[in-house]
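J.: Submitted below is the structure of interest, expressed as structure tokens.
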Amino acid sequence: MFFFIVTRKLFPFSSQKVISSAFYANFKFSQIKGFHVSRHPRVANNKMADGTVVEEYSKRAKIAEDEMTSLKRKIEALQDCVASDNGTNDSARDPELEKLFTENSKLKYQVETLKRSIKEEKANSKRIMTNCQFTLNEMFKKAIAQTFPELPDAPVLVQASQGEKFGDYQCNSAMAINQILKSKGINSNPRQIATSIVANVPQNDLMQKVEVAGAGFINISLSHNFVSSMLKDILTNGVQPPAVPVKKRCVIDFSSPNIAKEMHVGHLRSTIIGESLSRLLEFVGHDVLRLNHVGDWGTQFGMLIAHLQDKFPNYLQVSPPIGDLQAFYKESKKRFDEDEAFKKVAYQRVVELQGREPDVTKAWNLICDESRKEFDNIYERLDVTLIERGESFYQDMMPNVVADLERKGKVIEDEGRKVVFVQGYKVPLTVVKSDGGFTYDTSDMAALQQRVHDENGDWLIYVTDAGQGDHFKLIFGASREAGIYDPKVIRVDHVGFGVVLGEDKKKFKTRSGDTIRLIDLLDEGLKRSLDKLKDKERDKVLTPEELKDAQEAVAYGCVKYADLSHNRINDYVFSFDKMLDDKGNTAVYLLYAYTRIRSIMRTANIDRKSLESCLNTTEISLDHPKEWKLGKCIIRFPEILSRVLDDLMMHTLCEFMYEMATTLTEFYDNCYCVEKDRKTGEVIKVDMGRLLLLEATARVMETAFYILGIKPVTKM
């Protein structure tokens, strides 16, 4: 297999110095250790990727094996030396002999360590999937550099082809290079440039054919053997992630409902997008901390606590029945707006809460605990995992944040407030109010600092509505200018999204104008999905348990997929009718495509173990055009994931899933996997090569479903 590889010189064999065997071994061993990759089971901590990384792992394992052989020879030489010395000297060991014994022990330890290293390196080469686009890009980068050494920054443009007649990928660099050469007064034409580049493409197993077409387009066709090997790898080692340059500590902030208020449709997008991004980051090997920045602090808690104390004066002894927190909140808000005496008490309770007065803190905890019950119910239904870390967590950190900003000369007094201006923005952040209180701005800066300094986060992600975009630009800008984080070292992203609209294209609300409760929305989804399944008479063929699994898969899956399949920046219309349609780009269509694969396997009476056992004796079928199209589609999965990791746009993965499902349908319609006797219905022929292709498809779909937070079922 030939790939473009950046080589490194490991050992200075040309050294003229004579050194001891132990020093020499230690020197070489330290370089092996320095070259070792992350032990994380999902990621290679290096600056290669995909096919190049696999090649690099193999090279490292070979180096380690050679080094181990060398070390064994040194041990044997030391042992011979010791034996010889014992034969000529019966006296106690002299210092030189003791030194030899010590060196011998060190070398044996290094051999055992190298054995473990070899095992890990060989295993790591199987833990990533080749990103074809990246690998091709590296090949053409090398070819262009060799063809035009005088253009160190020549553009490398490799992308998937728009049509089958243009091959599988295209390199369109020739036209751009032609423009650069012309600007330098050099006569050239794109077709000649493309021909020269192709001549310098390194030998490899990935490409079947490379052609220059038209004005200078380079059309690339993939090798059948290469695609087949990737599909076999999926069936042998499972679906693996693409390589990522560096394993990171990712802190992702999402969902973030307010205590004492019910989660509503507005929390849906942040929760779904944040969970899906977290799963993707974890899948590729990042260390992910999922945080729920709940609103559990502020003036509103003064009125809630005061109302609780009035309504349930024995709350310290008997837990108050405040299950309907929404009604409880409305009652306290009404009193706060209309009763000046109550308002004064409420403000006093805020002061007492900030001072951690025990009885007030007890009331606050009761209210928070009741809210968590509702939140946890929704998170369990949506299969969402979060660690709660609300605004209250950062309260004690805020004075230090402000003091630090003041020391750095970032704070300006403005009509009693303390504000921080950010370059390029006219509106400042307010870090201290005129009454001395802190703000959301202060809390968010404290949170960012804590996530960088205490959590060691080197990738921070905030999933909130797009309306908070300017706020986070100010938070990020002020933190950057204050030296809280270095953008060259730490990546910070605001993942903004549009609002959910009703079918009238207005904000999604009830007929009375109230915000739709999220729990009601999920219940409605369950009802409609069951109705849909019964309309298809699935209740007559599925067991009660299978019907319930299908109902939940469709209900929650359709809500999640409808959100994720839209470009998150845009608003989208919430329509159960469209979500539950089994045609088009919907979760229902994808789930049906997956269950169809499982149905074919049941018809053929083939399970996963049987398929895997025939891998060594059966070729995956790729001869039919529809087989070939499906196979090429499957292996683009790591390429798609890499793209989503760059821009955090989950709809790209959804579009890929829909493309794979439609390609799968084309395959079904043209390629029989199981043939039955028309009269008896008995299975007379099973095409194992096509079943292997179907199984590889199913496994990629399962992985994509997991990342999207959708649970597939085998029957529906």
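J.: For L526, only one of the following conditions fails: (1) over 30 Å from Y394 (Cα atoms); (2) open to solvent by less than 30 Å² (accessible area, probe 1.4 Å); (3) of a type in the set (A, V, I, L, M). What is its number?
T.: The one condition L526 does not meet is (2).
J.: How many residues does segment 254-269 contain that are under 21 Å from L648 (Cβ atoms) and open to solvent by 10 Å² or more (accessible area, probe 1.4 Å)?
T.: 3
J.: So, one more: Quick one: G584 ticks every box in (1) open to solvent by 50 Å² or more (accessible area, probe 1.4 Å); (2) more than 24 Å from the chain's Cα centre (by Cα) except a single one, so which number is it?
T.: Only one criterion is unmet by G584, namely (1).
J.: Okay, moving on. What strands (runs of 3 or more DSSP E) lie completely within segment 410-494 and have 1 or more residues being in contact (Cβ under 8 Å) with a residue 24 or more places away in the chain? Give the derivation first.
T.: Working: elements: 411-414, 417-420, 429-432, 459-465.
Correct list: 417-420, 429-432, 459-465.
J.: A follow-up question, please. Mind telling me which of the residues G355, G323 ends up being out of contact with any Phe, Trp or Tyr (no Cβ under 8 Å at 6 or more places or on another chain), closer than 25 Å to T439 by Cβ and exposed (fewer than 13 other Cβ atoms within 10 Å of the Cβ)? Outline the logic, then answer.
T.: On the way: G323 fails: closer than 25 Å to T439 by Cβ.
Testing whether each residue is out of contact with any Phe, Trp or Tyr (no Cβ under 8 Å at 6 or more places or on another chain), closer than 25 Å to T439 by Cβ and exposed (fewer than 13 other Cβ atoms within 10 Å of the Cβ) leaves just G355.
J.: Being modelled with pLDDT of 95 or more and out of contact with any His (no Cβ under 6 Å at 6 or more places or on another chain) narrows it down to one residue among C614, C633; which is it?
T.: On the way: C614 fails: modelled with pLDDT of 95 or more.
Matching residue, one of C614, C633: C633.
J.: Return the pairs, sorted by first residue and then second, in which the second residue is surrounded by 15 or more Cβ atoms within 10 Å (Cβ to Cβ) and charged (D, E, K, R), the first residue lies in segment 349-370 and is under 19 Å from F336 (Cα atoms), the beta carbons are less than 6 Å apart, and the residues are 6+ apart or on different chains.
T.: Filtered contacts from segment 349-370: V360/R349; V360/E352.
J.: Do we find a residue being β-branched (V, I, T) and over 21 Å from V239 (Cβ atoms) anywhere in segment 684-701? Walk me through how you get there before you give the answer.
T.: First, the residues of segment 684-701 that are β-branched (V, I, T): 684, 686, 697, 700.
Then drop every residue that is not over 21 Å from V239 (Cβ atoms), which leaves 684, 686.
Looking for residues that are β-branched (V, I, T) and over 21 Å from V239 (Cβ atoms), one finds at least one in segment 684-701, hence yes.
J.: For segment 608-657, give me each residue that is open to solvent by 20 Å² or more (accessible area, probe 1.4 Å), touching a Phe, Trp or Tyr at 6+ places or on another chain (Cβ under 8 Å) and over 20 Å from N131 (Cα atoms).
T.: Correct list: K626 only.
J.: Restricting the search to segment 287-345, which residues are in contact with a His (Cβ under 8 Å, 6 or more places away or on another chain) and among the small types (G, A, S)?
T.: Selection gives S332 alone.
J.: Another question about this same structure. Given the condition in contact with a helix residue (DSSP H, G or I) (Cβ under 6 Å, 6 or more places away or on another chain) and free of Cβ contacts under 8 Å to residues at least 40 places away in the same chain, answer yes or no: does some residue in segment 212-234 qualify?
T.: Quick first cut of segment 212-234, residues in contact with a helix residue (DSSP H, G or I) (Cβ under 6 Å, 6 or more places away or on another chain) only: 212, 215-216, 218-219, 227, 231, 234.
Retained after the next criterion (residues that are free of Cβ contacts under 8 Å to residues at least 40 places away in the same chain): 212.
For segment 212-234, residues in contact with a helix residue (DSSP H, G or I) (Cβ under 6 Å, 6 or more places away or on another chain) and free of Cβ contacts under 8 Å to residues at least 40 places away in the same chain: present.
J.: Also, quick follow-up: If you go through segment 303-317, how many residues are of a type outside the set (S, T, N, Q), part of a loop (DSSP other than H, G, I, E, B) and open to solvent by less than 80 Å² (accessible area, probe 1.4 Å)? Spell out the reasoning first.
T.: Going residue by residue through segment 303-317, those that are of a type outside the set (S, T, N, Q) are 303-308, 310-313, 315-316.
Restricting the remaining residues to those that are part of a loop (DSSP other than H, G, I, E, B) gives 312-313, 315-316.
Add one more test, that the residue is open to solvent by less than 80 Å² (accessible area, probe 1.4 Å), and what stays is 312, 315-316.
Residues in segment 303-317 being of a type outside the set (S, T, N, Q), part of a loop (DSSP other than H, G, I, E, B) and open to solvent by less than 80 Å² (accessible area, probe 1.4 Å): 3 in total.
J.: Being over 24 Å from V251 (Cα atoms), modelled with pLDDT of 95 or more, surrounded by 13 or more Cβ atoms within 10 Å (Cβ to Cβ) and among the β-branched types (V, I, T), is that true of even one residue in segment 386-402?
T.: First pass over segment 386-402, keeping only residues over 24 Å from V251 (Cα atoms): none.
No, because not a single residue in segment 386-402 is over 24 Å from V251 (Cα atoms), modelled with pLDDT of 95 or more, surrounded by 13 or more Cβ atoms within 10 Å (Cβ to Cβ) and among the β-branched types (V, I, T).
J.: When only residues in segment 126-147 that are farther than 19 Å from V227 by Cβ and open to solvent by 20 Å² or more (accessible area, probe 1.4 Å) count, which is modelled with the lowest pLDDT? Working first, answer last.
T.: Going residue by residue through segment 126-147, those that are farther than 19 Å from V227 by Cβ are 127, 140-147.
Subsequent filtering for residues that are open to solvent by 20 Å² or more (accessible area, probe 1.4 Å) retains 127, 141-142, 145-147.
Working: R127: 81, K141: 95, K142: 94, A145: 94, Q146: 94, T147: 95.
Here the residue is R127.
J.: Return the residue satisfying two criteria in turn: it lies in segment 318-332 and is part of a loop (DSSP other than H, G, I, E, B) and among the aliphatic types (A, V, I, L, M), and of such residues it is modelled with the lowest pLDDT.
T.: Of the residues in segment 318-332, the ones part of a loop (DSSP other than H, G, I, E, B) are 318-324.
The next check asks that each one be among the aliphatic types (A, V, I, L, M); those that pass are 318, 322.
Numbers: V318: 87, I322: 80.
The residue in question is I322.
J.: Sticking with this one: Looking at V156, V198 in this structure, which one is crowded, with 17+ Cβ neighbours inside 10 Å and assigned to a loop (DSSP other than H, G, I, E, B)?
T.: V156
J.: Taking the options S270, S256, name whichever one is in a loop (DSSP other than H, G, I, E, B), in contact (Cβ under 8 Å) with a residue 40 or more places away in the chain and within 30 Å of S332 (Cα to Cα). Show your work before the answer.
T.: Numbers: S270 fails: in a loop (DSSP other than H, G, I, E, B).
Going through S270, S256 in turn, the sole match is S256.
The values are calculated or read from the model by the stated rules, or taken from the named source; none is laboratory data. What you see is a predicted model, and the numbers here were worked out from it, not measured in a lab. Note that each Cβ is placed from the backbone with ideal geometry, even for glycine, and that neighbours are counted across all protein chains shown. Accessible surface is based on the protein model in full, side chains and every heavy atom, while ligands, DNA and RNA are left aside. Shrake-Rupley method; radii C 1.70, N 1.55, O 1.52, S 1.80 Å.
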